[in-house]
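I have placed the structure first, in the form of structure tokens, so that the comments after it can refer back to it.
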Amino acid sequence: MPLPDPKQRHPIILPDGTPHAGTVLLSETISHPNFSVGAYSYASAFDPPQDWASRLAPYLFPGARERVVIGRFCQIADSVRIITASANHAQDGLSCYPFPVFDPSQMAGFQPDTRDTVIGNDVWIGYGAMILPGARIGDGAIIGAGAVVRGSVPPYAIVTGNPASVIRHRFPKPQIARLLSLKWWDWPAELIARAEPAILSGDLDMLEGLAPD
């Protein structure tokens, strides 16, 4: 089965032939200068916004000193929020009140936290999850509905709760190492389409047999 057109804003076509407006490929929808999104990663919403960047990362302003980086083939459910570093207040003084933001001469250079938020490839983020500043989510991870994620999430881990913690890994360590070595999400589209049966059935041996030299 061919992959969705990576240049098509709405990748899901309903049985009546109309596109599903609530699901978008983010690389074709977001033009925010602080966002980087890989091909085939999508987000869904019950009330699709005009501005998907602001919906996902409401504190990420153009000109901020941090970025949101999302890999390929990610799946982002409704009500997910990425709280970026520019939302953080300074904590090393006697008050967290952001006095400089009210002074135009100081506002541009005032950002106590500049960490990027990085989401790997093939990450599934469930309904209502919140990703906190500086989080780094490994390839293949699953973020449970309502989870509050900070720090690092290992590849192919499943995390839930507040604060989010690893409840288990999706595969044994040797299998995870093989998947990370294959990086199937970076393969040419035609090869990924051929590999779809192996990916869907969990046949790692078949997937390795299709890997490019």
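The values are calculated or read from the model by the stated rules, or taken from the named source; none is laboratory data. Note that the structure is predicted; figures quoted are calculated from it, not measured. Don't worry about glycine lacking a Cβ; one is built from the backbone with ideal geometry, like all the others, and counts go over all protein chains shown. Surface areas here come from the heavy atoms of the whole protein model, side chains and all, with no ligands, DNA or RNA. Shrake-Rupley method; radii C 1.70, N 1.55, O 1.52, S 1.80 Å.
Points to keep in mind about this one:
- Residue in the stretch 181-191 that is farthest from Ala141 (Cα to Cα), counting only those that are open to solvent by 50 Å² or more (accessible area, probe 1.4 Å) and assigned to a helix (DSSP H, G or I): Glu190
Let's see how each residue does on (1) surrounded by fewer than 21 Cβ atoms within 10 Å (Cβ to Cβ); (2) of a type outside the set (A, V, I, L, M, F, W, C):
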{"position": "Leu25", "(1), (2)": "no, no"}
{"position": "Ala39", "(1), (2)": "yes, no"}
{"position": "Ala64", "(1), (2)": "yes, no"}
{"position": "Ala77", "(1), (2)": "yes, no"}
{"position": "Asp113", "(1), (2)": "yes, yes"}
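- Residue satisfying all of: in the stretch 115-133; among the charged types (D, E, K, R) and at negative phi; most open to solvent (accessible area, probe 1.4 Å) among these: Arg115
- Arg72 fulfils the conditions (1) in contact with a Phe, Trp or Tyr (Cβ under 7 Å, 6 or more places away or on another chain); (2) open to solvent by 30 Å² or more (accessible area, probe 1.4 Å); (3) at pLDDT below 95 except for a single criterion, (3).
- Those residues of the stretch 15-31 which are within 17 Å of Tyr59 (Cα to Cα), in contact with a helix residue (DSSP H, G or I) (Cβ under 7 Å, 6 or more places away or on another chain) and either at pLDDT below 95 or among the hydroxyl-bearing types (Ser, Thr, Tyr) (or both), in sequence order: none
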